[in-house]
Amino acid sequence: MGVSILSLSRPSLTDPSETNLKIKQASPQTSSLTSPSLVSALRGNVRSEPPNNALYTYEGTIELLSDLNVPKTVPLGPDQMLLRGAQLRNTPWVYGIVVFTGHETKLMQNAT
């Protein structure tokens, strides 16, 4: 599974292999989404690159609609992507959007 981070309690380290720690953080435009009610009130679309085997790159956007139906585009990159098997350290909570599942995950694509 690949999850794009919307908000988390603090910037976090991921530990997929115990040897390669990477800092993950939410986009400043979505970091204020700190409760289930705020996240569930989101309206918009996710645009993502097609599934591929590039583990260290990601390009996507979230187009969020405001209360006045005005779109706001939020870029997503590798710093906002959690790959299957990643473990967050020192972060009590995280809100995100699932981008890839099953055989479309970057790890599965990389294995073939």
Residues of segment 9-23 satisfying the condition of being within 10 Å of L88 (Cα to Cα) and modelled with pLDDT of 80 or more: I23
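Here is a check on your reading of the model: is L55 under 23 Å from T105 (Cα atoms) and out of contact with any Gly (no Cβ under 6 Å at 6 or more places or on another chain)? Please lay out each step first, then the result.
Numbers: under 23 Å from T105 (Cα atoms): yes; out of contact with any Gly (no Cβ under 6 Å at 6 or more places or on another chain): yes.
The answer is yes for L55.
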Is it the case that segment 33-48 has a residue that's without any contact (Cβ under 8 Å) to a residue 24 or more places away in the chain and basic (K, R)? yes
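Yes or no, residue by residue, for (1) in contact with a Phe, Trp or Tyr (Cβ under 8 Å, 6 or more places away or on another chain); (2) farther than 22 Å from S32 by Cβ; (3) not hydrophobic (A, V, I, L, M, F, W, C):
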| position | (1), (2), (3) |
| --- | --- |
| R47 | no, no, yes |
| L55 | no, yes, no |
| S66 | no, no, yes |
| Q87 | no, yes, yes |
| I97 | no, no, no |
| F100 | no, yes, no |
| N110 | no, yes, yes |
Any residue at all in segment 24-45 that is over 15 Å from W93 (Cα atoms), touching a strand residue (DSSP E or B) at 6+ places or on another chain (Cβ under 9 Å), of a type in the set (A, V, I, L, M) and outside any loop (DSSP other than H, G, I, E, B)? no
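Would you please name the residue that is nearest to P51 (Cα to Cα), looking only at residues in segment 91-112 that are polar (S, T, N, Q) and touching a strand residue (DSSP E or B) at 6+ places or on another chain (Cβ under 6 Å)?
Filtering segment 91-112 down to residues polar (S, T, N, Q) leaves 91, 101, 105, 109-110, 112.
If we keep only those that are touching a strand residue (DSSP E or B) at 6+ places or on another chain (Cβ under 6 Å) too, we end up with 91, 105.
Values: T91: 28, T105: 7 Å.
Filtering segment 91-112 for residues that are polar (S, T, N, Q) and touching a strand residue (DSSP E or B) at 6+ places or on another chain (Cβ under 6 Å), the one nearest to P51 (Cα to Cα) comes out as T105.
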Go through segment 54-112 and report how many residues are touching a helix residue (DSSP H, G or I) at 6+ places or on another chain (Cβ under 8 Å), surrounded by fewer than 16 Cβ atoms within 10 Å (Cβ to Cβ) and not in a loop (DSSP other than H, G, I, E, B). 2
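The values are calculated or read from the model by the stated rules, or taken from the named source; none is laboratory data. What you are looking at is a predicted structure, and each value in this text was computed from that prediction instead of being measured. All Cβ positions, glycine included, derive from the backbone under ideal geometry; neighbour counts span all protein chains shown.
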